[in-house]
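The values are calculated or read from the model by the stated rules, or taken from the named source; none is laboratory data. Model, not experiment: these values are computed from the prediction. Every residue, glycine as well, gets a Cβ built from its backbone with ideal geometry; the counts of neighbours run over all protein chains shown.
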Amino acid sequence: MSINENLAQVRRRIAEAAERAGRSADEITLIAVTKTRAAKEINEAISLGVTDIGENKPQEIRDKFADVSPVRWHMIGHLQTNKIKYIIDRVCMIHSVDSIHLMDEIDKQAGKHNIVMDILIQVNISGEETKQGCAPEELPRLLEHAGELNNIRVRGLMTIAPKADSGVTNSLHFDNIRRLFVDISQKKYDNVTMECLSMGMSGDYETAIECGATMVRVGTAIFGERDYSKSAQ
């Protein structure tokens, strides 16, 4: 299927999942994940109405940025402190902040550009060892620290459910982080608002929406299977 057909199907499923949850599809931001995708494919998606794209690697943002039509860029993958400089003035949000050290460096680099960077705290809600993210019990320490910084703003939480788990188990993970999200929103942390809950990918975005996601990160379901033998151009 073409990008146009795939995108139409994803949008339909988002709307149906939102309806099942008693929500409006307008509450959900579709982030098209463009890992390994060439600028031509990304621009086609943008021409079809995609407003937000997500990249896993800062180098890909750096290398593609000039060739991609105006769009909101999201950094959604693991971010090393020495790579922040590649993306700090190019992305609208960093989803993968999981430590005070990383938060501090983002704040420092954002200060150099006189900007305030929106970030999400990535939570390893499943406890899976191979997943990035802070443990739920570490969240208060990170949120309290955010109140000491001037050039970042915590806008919510992000998580990745285990691929091997069933839909039922993923629903439990998504429900758990939704409860954290609601609990934090009822507390008063300086420089923290719970507006964005980023969860759900191509295999589970409908479940995530039913559990309260406000952002879903969908790549394969839009662009097809990735070909890792070809470098992105």
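Is it true that some residue in segment 54-66 is under 17 Å from Val154 (Cα atoms), surrounded by 19 or more Cβ atoms within 10 Å (Cβ to Cβ) and touching a residue at least 24 places away in the same chain (Cβ under 8 Å)?
Let us first name the residues in segment 54-66 that are under 17 Å from Val154 (Cα atoms), namely none.
Among the residues of segment 54-66, not one is under 17 Å from Val154 (Cα atoms), surrounded by 19 or more Cβ atoms within 10 Å (Cβ to Cβ) and touching a residue at least 24 places away in the same chain (Cβ under 8 Å), which makes the answer no.
Out of segment 114-142, which residues are part of a loop (DSSP other than H, G, I, E, B), surrounded by fewer than 12 Cβ atoms within 10 Å (Cβ to Cβ) and not hydroxyl-bearing (Ser, Thr, Tyr)? Passing the criteria: Asn114, Gly127, Glu129, Ala135.
The single condition from (1) closer than 25 Å to Gln109 by Cα; (2) surrounded by fewer than 19 Cβ atoms within 10 Å (Cβ to Cβ) that Met93 fails is (2).
For (1) surrounded by 14 or more Cβ atoms within 10 Å (Cβ to Cβ); (2) assigned to a loop (DSSP other than H, G, I, E, B); (3) more than 14 Å from the chain's Cα centre (by Cα); (4) at pLDDT 95 or above, each residue gets a yes or a no:
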| site | (1), (2), (3), (4) |
| --- | --- |
| Thr193 | no, no, yes, yes |
| Leu197 | yes, no, no, yes |
| Gly212 | yes, yes, yes, yes |
| Ala221 | yes, no, yes, yes |
| Lys230 | no, yes, yes, no |
| Gln233 | no, yes, yes, no |
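Scanning segment 1-36 for residues that are touching a Lys or Arg at 6+ places or on another chain (Cβ under 8 Å) and farther than 18 Å from Thr207 by Cβ gives Thr34, Lys35, Thr36.
For segment 199-210, filtering for residues that are under 15 Å from the mean Cα position of the chain (by Cα), in a helix (DSSP H, G or I) and of a type outside the set (A, V, I, L, M) leaves 1.
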